[in-house]
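J.: Please find one structure pasted underneath; my questions will follow.
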Amino acid sequence: MVLQRISKPIIYFILIAMSLFFLMPVYVMIITSLKPFDEVTLATMWQLPTTLDFSGYAEAFGKLAPNLMNSFYLVIPATLLSAILGAMNGYVLAKWKFKGADVLFTVILFGMFIPYQSILIPLIQFLREAGLYNSILGLIFVHVVYGLPITTLMFRNFYANIPDEMIESAQIDGAGFLGIFRHIMIPLSVTSFVVVAIWQFTNIWNEFLFAVTITTSDQQPVMVALQNLSGSQIVHWNVQMAGALLAALPTLLVYILLGKYFVKGLLAGSVKG
């Protein structure tokens, strides 16, 4: 009992110290973004700004606004499409067993382990021939295809926990393949859709390699534009930090608003599958 009383404050102290250490870069980013350019020096990196200056945010937003919109045009449809297609794949593989279903599921999962770099050249050649190179539509296609293995895995594991009797009862009542999916599977898998949405939104928003190789100039998402914001000679660190915070804000809001469903949805399919 005494050891428990002693160990609990020590554990809290370690956790708080680790949290503060982890938040140190965030602190530097925030205070640097609020400083005027002439106050941004290595010697004053940890010091609070003498006056709050939001010119860095204004300049960063002015330069990144078109690319922020590009990211939204990319992320929203890519997330929705990969979630819906992954749900249908998981539904078929979990509840409509056919010969070779397990082999097909293994082949789909293999897609998660293919490095991006290994398929860049044939991917770009395919997108050029299809007329999708240097377009948001091409990026959407790439992220939907690359997102299918993980979304299929998540939904398949969740749907494996749904009793087969429920499907059989719906079939007796006359429901077909799409009717069961629409009226039974989708309402039961709201938490899984939230998990997949958070996962896909974050991965697609933060992805850099496909964005920088497939798109150029006005079609680039915000992460590529953020890299270009630094300039080549003098780096305006207040503008750079403000841009980084603006670029990170959407994913942060998604986790704040939907984060409580994330672990719940992940654990929902962790028993079977």
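J.: Give me the accessible area of Trp46, 1.4 Å probe, in Å² rounded to the nearest 10.
T.: 120 Å²
J.: Under 8 Å for C-alpha pairs, at least 6 residues apart: give me the relative contact order for the chain, rounded to a whole percent.
T.: Dividing the mean separation by the residue count of the chain yields 32 percent.
J.: I would also like to ask the following. Could you work out how far the C-alpha centroid of the range 7-65 sits from that of the range 108-158, in angstrom?
T.: The distance from the Cα centre of the range 7-65 to that of the range 108-158 comes to 36 Å.
J.: Which value, in nm² and rounded to one decimal, describes the direction-averaged projected area of the C-alpha convex hull of the chain?
T.: Reported value for the Cα convex hull: 21.6 nm².
J.: In square angstrom, what is the accessible area per residue of the chain with a 1.4 angstrom probe?
T.: Value returned for the chain: 59 Å² of accessible area per residue.
J.: Continuing with the same structure: What is the helix-to-structure angle for 136-159, meaning the angle in degrees between its Cα long axis and the longest Cα principal axis of the chain, kept from 0 to 90 and rounded to the nearest 10?
T.: Helix 136-159 sits at roughly 60 degrees to that axis.
J.: Can you tell me the relative contact order of the range 13-90? Whole percent, Cα pairs under 8 Å, sequence separation 6 or more.
T.: RCO, the range 13-90: 22 percent.
J.: While we're on this one: Could you size up the charge dipole of the chain around its Cα centre, putting +1 on the beta carbon of Lys and Arg and -1 on that of Asp and Glu, and report it in debye to the nearest 20?
T.: Charge dipole, the chain, about its Cα centre: 660 debye, nearest 20.
J.: Looking at the P(r) of the range 151-273, how many percent of alpha-carbon pairs lie beyond 23 Å? If you can, show how the numbers build up before the last one.
T.: On the way: 3911 of 7503 pairs.
For the range 151-273, the share of Cα pairs beyond 23 Å comes to 52 percent.
J.: Once the Cα atoms of helix 101-110 and of the chain are each reduced to a long axis, what angle between those two axes, in degrees from 0 to 90 to the nearest 10, is obtained?
T.: Taking Cα atoms only, the helix is inclined about 10 degrees.
J.: Shape call for the range 1-52 from the C-alpha gyration tensor, a ≥ b ≥ c root eigenvalues: rounded (a/c under 1.5), prolate (a/b greater than b/c) or oblate? List each step's numbers first, then the result.
T.: Values: a/c = 4.72, a/b = 4.54, b/c = 1.04.
Because a/c hits 1.5 or more and a/b exceeds b/c, the range 1-52 counts as prolate.
J.: Under 13 Å from the Cα of Lys63, which aspartates and glutamates turn up, not counting those fewer than eight places away in the same chain?
T.: Output for Lys63: Asp218.
The values are calculated or read from the model by the stated rules, or taken from the named source; none is laboratory data. The model shown is predicted, which means the values in this text are computed figures rather than measured ones. Note that each Cβ is placed from the backbone with ideal geometry, even for glycine, and that neighbours are counted across all protein chains shown. Calculation scope for accessible area: heavy atoms of the full protein, side chains included, ligands and nucleic acids excluded. Shrake-Rupley method; radii C 1.70, N 1.55, O 1.52, S 1.80 Å.
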